[in-house]
Every structure is written in C-alpha cells, then in structure tokens.
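What follows is one structure encoded as structure tokens, with my remarks underneath.
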Protein chains: 2
Amino acid sequence: MKTECPARIARLQEKLQQNNLDGALFIYPIDIYYFCATRQNSTLWVPAQGEPLLLVRKSYVRAEQEACCSAIRPFPRSAEFAQLLDGQRKIGMTFDVMPVQQYNYYSKLLPGRDFVDISAINRDLRAVKSAWELERMRHAGVQLCRVYATVADFLQPGMREVDLAAEFEARLRKAGGEGYIRMRAFNQELFHGVAVSGPSGSSHGFFDGPVIGQGMSAAAPHGASRAVIEKNQPILLDYVGVFDGYCIDMTRMFVCGELDEKLQNAFAVACQIQAAVAERLKPGAICSELFELAARLAEDAGLAEYFMGMPGENAKFVGHGVGLELDEMPVLAQGFNQPLVAGQAIAIEPKFVFPGLGSIGIENSFAVTEHGGEKLTPLPDDLIQIC
Amino acid sequence: MKTECPARIARLQEKLQQNNLDGALFIYPIDIYYFCATRQNSTLWVPAQGEPLLLVRKSYVRAEQEACCSAIRPFPRSAEFAQLLDGQRKIGMTFDVMPVQQYNYYSKLLPGRDFVDISAINRDLRAVKSAWELERMRHAGVQLCRVYATVADFLQPGMREVDLAAEFEARLRKAGGEGYIRMRAFNQELFHGVAVSGPSGSSHGFFDGPVIGQGMSAAAPHGASRAVIEKNQPILLDYVGVFDGYCIDMTRMFVCGELDEKLQNAFAVACQIQAAVAERLKPGAICSELFELAARLAEDAGLAEYFMGMPGENAKFVGHGVGLELDEMPVLAQGFNQPLVAGQAIAIEPKFVFPGLGSIGIENSFAVTEHGGEKLTPLPDDLIQIC
C-alpha cells in the first residue's frame, strides 16, 4: 500500500487539475480507504497539488496505525477546519453518496465555495486496477472458488434455500470472507449473495441484477427463501467474496438429478455468451457493443425474452465492474459507449430467467488484458450434478 | 399490515400539517417500507391530506403484490411526475439519507419548490412501535435467543473468532435471520454482529459502539478476526437478529474456563447498570438522565475509564433505539433530553473495555412500558462457562 496510495492520489490530482479544481473533499468511507488505506471515520482533503490531509473523527488511534497518509490529525473545531481550507474555492465531492445533511454541514463550514460533483472521476479512477489490486482480486477469486468447490458436500434435496445459503456463507466466512458487500448505487443492497432453486429463482424484485430470489420477507425481498430445494430443479449460487475489501463475484449452477433440455440448452448458450464476451475483453473494446453482442447471441438462440431477468423486467447489461464495491465501472450495457482499459475488472454474468422454472446462467470475474479476459475465478464452469 | 400502514401514514400527515408542509417525498427504501410495506425501488408521495401515491421503478409486479397502498403506478416520465405534484410547494424529504445527486434530480423535476428536511420527524415516528411491531420484535427476540442458547454446542478454545462467527451466523440464518442490518447513520456499517475474544475485544475502531473488534482487514475493521480463542478469556457475542425487517440486538458473554475477578466484577456491574436502567424504562423518564445514572454507577464501581469503549474513545451512550434500523431513536445519551414514550424499543448495553484484556458486558432489547422495560430477548443474562 505504501506505493499504491501515492499513485492513486497522483492520478486523482491529475484529474483535479484538468478540471480546474482546487481539491477534493472525501467523506465516504470506501473512497477514503482507496486513497489512504483506512476506512476509519474521517474526512480526507486532497489538494490539487501537494500532500493530502486526513482528519479523523474515530478512531484516531487506529487510523494512525493503518493510514498511508503522512498528514493525519483529529478532526478539528469548525473554525480551524475552515482555516485549513482557506483559499480553496472550487472543491470536488462525491455527490453520488453524500447525504444532503452532510453537504449542508460542509457548506456551512466552508461558505462561499463552489462544490462540484466528482462522482464520475472518482468511479473512473477506481475502475482501473493496479497490478497490486489485481493480485488481491486473484487471491479473492481463489478463496471464493475453494468454497464453491465444497458445495457438493452439503447440498441435498429437501434442504431449504436458506439452509444452503447458511452452509455456503459459513464456509465463505471461515475462508476469510469479510461479508459486508459495498454497493454504491442508491437503493441497492445485498447480503452476501443469492442462493435460489426452481421457481423462486424466477422472482421479480428491486435488485438491478438478473437473478433476485424471493428472499425471507417483503423487508428482505432478495436472495434465499424458505423454499425447499427439490430434485431436477436448477440451483443457482451467485455469491460475492470480499477479501481485503475487494469483491469478487461468481455464479455456478447445481442440480440434484437432471435438468430438462430447455434449461441445459440455455446454460450452454450462457457459457457461449460468456466466452464470446470474455475473449473480447481487451483494451479498446466498446462496452455497449459487448452487451449488444451478448443480446444478439441470446436472440439467435431464441432466448431474448428470458435474457438477464424476468420477461418485462430484464436487466440491460451483461457485465459490471467489481472492486472495492460490487457495482464499479465500467458496465457492459446499453449507453456505455466508452472503451475498455487494461486492468479493469469485470464480472460477466449472462443468465436466463424462465418464469415458474427458475434461473440459469454463469458468472466469472475477469481482468481486461491485451489477450482478452483473464479469469479471476479459476473453477470450471460446468453445471454440477449432485446425487 | 392492512391497518398498520394507514395508521402510520395518518401519524405522518398530522406532523406534516403541524409543520405546514404540503407533503413528503420518500425515496429511501426502508422509509418506504415503513409506510407501504414494500421496499421495492420506488418513490413515495404522501400528501398532507389524502391518499399516498407509490411510484415504482422496479419491480412493479412485486410492489403490487406487497404494498399496502391503494395508489400504485410505474414511475412516470418527468413531465407527468411534475404534473402529479403540481401545486405542492413545501415538500418534506429525509436529508439524512438522501444523496445530493438524488436531491438535485428531484429539484430539477420540481423546480421552485421549497424542500424541507423531515429526518427528525421521520425518525421520531419510527421510534414508537405499535403493538403489532412489538409482537414482531418479541418474535425476533425469541429466535435470536434460541441461537444464543446453542453456543455451547460449538464454542471451544482453539477456534478463531471468525470460525465462531461463522457457526453463529449460520445458525442465525437457519433460524430465519435476514442478515442485512440497516443503519441510518452516515459512515456506519455492520455485518451481522461482533464475535470477539480477549485482546481483540479491546480494539479501537470507527464504529459508534462500545465493542468493535479487530475485524478481518483495514477494509473491514470491525467484528471477528483471525485471532484464536484461548482459555480464560472473555468472549463477547453481540449479534443482531433481523426478522421481517425488525432488528433485535443482544450480547452474551462466554468463557472457556474461568474469568479473572476483575472481569467478573465488571460483568456484575454491567448487569446492575442494565437492571437500574431497565427498571426506569418508563414513559416520561429522560434519556440523558438514564445515561447519567449508568455512568454514575460505572464511576461508583471505579470503572468509569473503561465504560462504553476504549479509554479515550468511550461511546457516550448506554442504549439505543432498535427497529427497522439498528440505530433508531431514542438514544440514552448525553444531550438527549426528551422523555421516553411507551412503545419505544431500546437496546441497553452497558459494557466495559479493558485494554489488552478485552471487553465484557451485557445487552438486551427492551420495550418501554408503564411498568419499566419489558425484555424482548428472553434468555438469562448469565456469563456462560464452557468446559
């Protein structure tokens, strides 16, 4: 981290200068973690030039132990805070995650300033992973794959989805999974992952992903439910492993018995789509074109209606960035016309949802490289038949 | 829920009228859930008089199944949205959780309006639980207690804190725990709960609670760590059970062997403080006075320095509201000078943190009643000795 953080700060400062900003003020924990290696309750000031300053509310002791930032101080009194930022007129903030109350608080502390939304700059910086970060993500991928490799030990017909989830989650925790999944998008939330079987795999829901699940209640309408897993049903496990803060995302399919031909065929199509997109995961490829390719392959297979969600509520993407948050940039989606950059990490997740039958598909996390996607989740994609 | 939601809406409308507001616009999922019984991705308009209107982004199908709200529509085009709120000038919003980007979006859709922060009104409404809600919370308490009652089956010296956490969490999930813990405060986050033993129970950290733990990394610096549980160490389990959306919060102490006298004494003091506060948990009691009482009892016992956190970073409360979020109103803390109201649900958690030794204390969730606190977590408070 000793070379990571200064390099990240330098990349940010370049952007601040290009946008004629005097500096950026971060208050969101994972943003601060990215630039300083601590998520203690703090405010981070990064001037367009010069040294960042970390002002810590709690815990100062721990922030001092963790932070890669030479200037660390307890959060000062209001007047002193205003003085520290004296002369800084144009200040960037991440409006995507900053509550209005916080914005009003800082507006009062720093009157007359011009606050500018740098959410897009911040997300773009994070989208491209360093060699060090990719190494963390490879490690995370291996840990998550090890847990997936044990599923045959405990999955059996007659257990409820939530029992399957509990067994998987316990193993993921023992493997070092941190559990808490950070999502940036407003209104989204996810607990650990999704374990669904049969009809509950074809549930409608708020989540901006293809497979949602019935969940435990209307308050938690996402993921595993109390439904009992039956023979010959598609069982989909879509879990996020979080290690050292980095999310890695993958999905595997299981069945106790046999899947019918329609579902087997859809699974084969999902794997073909994944392969087609993954081999094009090279710098310069256009995100929206990769989505269109995927959608076309689904259509050619006669499965357009079921692609990426319940018919009528289909998600309009086939892949999403992963990193410190589960929903990082870029997104392989309509309207995302920017080119891929080497070092981006993207989960590709072609899936089909058949009303009443359930969902089926595949997901792996990849790094964008000159040779196409490097798979960060090294486990065979095969549908796993149990008993 | 068919009578719950209209009653909640009526209480809100009374407040809106008192504050001369034309209505309130909610976009935060759990706020919408409270008033409409669905957390689908929606925007809720509650006029100061008349019927609320739920505008759903995703999933409309599911929102229709779940919502207790007679007027439900897909989220309309911008012009139509503006028309729906035509003539509404003074509009309440929850600024505590609304990102600036969302605020700017609605400001553009509804130009010339006066947006007013109703965060405090919203939190005050939620603080007082109905008989129906208390019944849900009693149920949640019983489920969580059942899991605590199994700890002796799997806790043993030599296991890591994270192994203990994994076993506990798996049982909590199988008991129906929804897992995802909602917290309202900015910068706070919690995965499931905290399992700590010995020295890692005395970690500094960002979390606004007494016991924080070392966690798995600087990115997840909270809760269980890889530390190995040893004999004669205080083992503290502080877990949140979430059932039907309602959080219930409790802590129990365990030891493999014997605790030294100093810790045993501190545990007895924590239980005395809990009893003193719980018996005063009646309508009219002043929150800050209950905190002062607790602090005085800690001081009388010569333990002021260790009360509610690491010395120097002590939390300044002894209890907090629980409900759909873990950090509801009221707080038994300095500066909270309002009186308790019957039906409020409060977790009382007197704890002591001894640097290098660990943490010890007790926690139960209570309802405020005329006869004092009604314990919602019906399990004996005893320190549990294993092997």
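Values as computed for the structure displayed
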| item | result |
| --- | --- |
| Pairs, first closer than 15 Å to B:Trp45 by Cα in the stretch B:1-19, second surrounded by fewer than 16 Cβ atoms within 10 Å (Cβ to Cβ), C-beta under 7 Å, six or more apart | B:Gln13/B:Gln49 |
| Contacts under 6 angstrom Cβ, first residue in the stretch B:184-195 being touching a residue at least 40 places away in the same chain (Cβ under 8 Å), partner among the small types (Gly, Ala, Ser), 6 or more apart | B:Val194/B:Gly213; B:Val194/B:Gly223; B:Ala195/B:Ala165; B:Ala195/B:Ala224 |
| Residues that are in contact with a Gly (Cβ under 8 Å, 6 or more places away or on another chain) and either under 22 Å from A:Ile30 (Cα atoms) or among the hydroxyl-bearing types (Ser, Thr, Tyr) (or both), drawn from the stretch A:201-248 | A:Ser202, A:Ser203, A:Ser217, A:Ser225, A:Tyr239, A:Val240, A:Gly241, A:Val242, A:Phe243, A:Tyr246, A:Cys247, A:Ile248 |
| One residue from B:Gln344, B:Gln274 being modelled with pLDDT of 95 or more, assigned by TED's automatic domain parsing to the domain that holds B:Phe207 and touching a helix residue (DSSP H, G or I) at 6+ places or on another chain (Cβ under 7 Å) | B:Gln344 |
| Condition check for B:Leu263: out of contact with any Gly (no Cβ under 7 Å at 6 or more places or on another chain) and either closer than 10 Å to B:Ile360 by Cβ or of a type in the set (Lys, Arg) (or both) | yes |
| Qualifying position, being touching a strand residue (DSSP E or B) at 6+ places or on another chain (Cβ under 7 Å), within 11 Å of chain A (Cβ to nearest Cβ), crowded, with 16+ Cβ neighbours inside 10 Å and over 22 Å from B:Asp238 (Cβ atoms), among B:Tyr106, B:Tyr180 | B:Tyr106 |
| Candidates B:Glu189, B:Glu161, B:Glu169 - the one that is within 8 Å of chain A (Cβ to nearest Cβ) and either in contact with a strand residue (DSSP E or B) (Cβ under 8 Å, 6 or more places away or on another chain) or over 18 Å from B:Ala347 (Cα atoms) (or both) | B:Glu169 |
| Matching residues in the stretch A:57-66 - criterion: being outside any helix (DSSP H, G or I) and buried (at least 24 other Cβ atoms within 10 Å of the Cβ) | A:Ser59 |
| Test: residue in the stretch B:81-95 that is assigned to a loop (DSSP other than H, G, I, E, B), within 11 Å of chain A (Cβ to nearest Cβ) and surrounded by 17 or more Cβ atoms within 10 Å (Cβ to Cβ) | yes |
| Which numbered condition A:Ser78 fails, given (1) of a type in the set (Ser, Thr, Tyr); (2) within 8 Å of another protein chain (Cβ to nearest Cβ); (3) touching a helix residue (DSSP H, G or I) at 6+ places or on another chain (Cβ under 8 Å) | (2) |
| Residues that are over 25 Å from A:Gly205 (Cα atoms), part of a helix (DSSP H, G or I) and not small (Gly, Ala, Ser), drawn from the stretch B:1-52 | B:Arg11, B:Leu12, B:Gln13, B:Glu14, B:Lys15, B:Leu16, B:Gln17, B:Gln18 |
| Every residue from the stretch A:194-221 that is at positive phi and more than 8 Å from chain B (Cβ to nearest Cβ) | A:Gly198, A:Gly213 |
| Spans of strands (runs of 3 or more DSSP E) in the stretch B:283-387 with at least 2 residues closer than 27 Å to A:Ala63 by Cβ | B:317-321, B:328-333, B:351-354, B:358-361 |
| From B:Arg138, B:Arg226, residue being over 29 Å from A:Arg184 (Cα atoms) and assigned by TED's automatic domain parsing to the domain that holds B:Glu258 | B:Arg138 |
| Residue among B:Gly205, B:Gly245, B:Gly215, B:Gly198 that is surrounded by 24 or more Cβ atoms within 10 Å (Cβ to Cβ) and either in contact with a Leu (Cβ under 9 Å, 6 or more places away or on another chain) or outside the structural domain of B:Lys316 (by TED's automatic domain parsing) (or both) | B:Gly245 |
| Residue in the stretch B:332-353 that is among the charged types (D, E, K, R) and more than 30 Å from B:Gln156 (Cα to Cα) present | no |
| Yes/no for B:Ala224 being within 11 Å of chain A (Cβ to nearest Cβ) and modelled with pLDDT of 95 or more | yes |
| Selected residue (criterion: farthest from A:Gly321 (Cα to Cα)) from residues of the stretch A:115-126 that are of a type outside the set (Val, Ile, Thr) and within 14 Å of chain B (Cβ to nearest Cβ) | A:Phe115 |
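Listed here are the residues, each with its yes/no results for (1) of a type in the set (S, T, N, Q); (2) outside the structural domain of B:Leu85 (by TED's automatic domain parsing); (3) touching a Cys at 6+ places or on another chain (Cβ under 9 Å); (4) under 13 Å from B:Ser119 (Cα atoms).
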position	(1), (2), (3), (4)
B:Arg11	no, no, no, no
B:Leu16	no, no, no, yes
B:Gly23	no, no, no, no
B:Tyr34	no, no, yes, no
B:Ala37	no, no, yes, no
B:Ser42	yes, no, yes, no
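Conditions (1) within 19 Å of B:Leu164 (Cβ to Cβ); (2) assigned to a loop (DSSP other than H, G, I, E, B); (3) within 14 Å of chain A (Cβ to nearest Cβ); (4) in contact (Cβ under 8 Å) with a residue 60 or more places away in the chain, marked per residue:
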site: B:Asn232; (1), (2), (3), (4): yes, yes, no, no
site: B:Asp238; (1), (2), (3), (4): yes, no, no, yes
site: B:Gly241; (1), (2), (3), (4): yes, no, yes, yes
site: B:Met250; (1), (2), (3), (4): yes, no, no, yes
site: B:Met253; (1), (2), (3), (4): yes, no, no, yes
site: B:Leu259; (1), (2), (3), (4): yes, yes, no, yes
site: B:Leu263; (1), (2), (3), (4): yes, no, no, yes
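The values are calculated or read from the model by the stated rules, or taken from the named source; none is laboratory data. Remember, predicted model here, so these are calculated numbers, not experimental data. Virtual Cβ from ideal backbone geometry, glycine too; neighbours counted across all protein chains shown.
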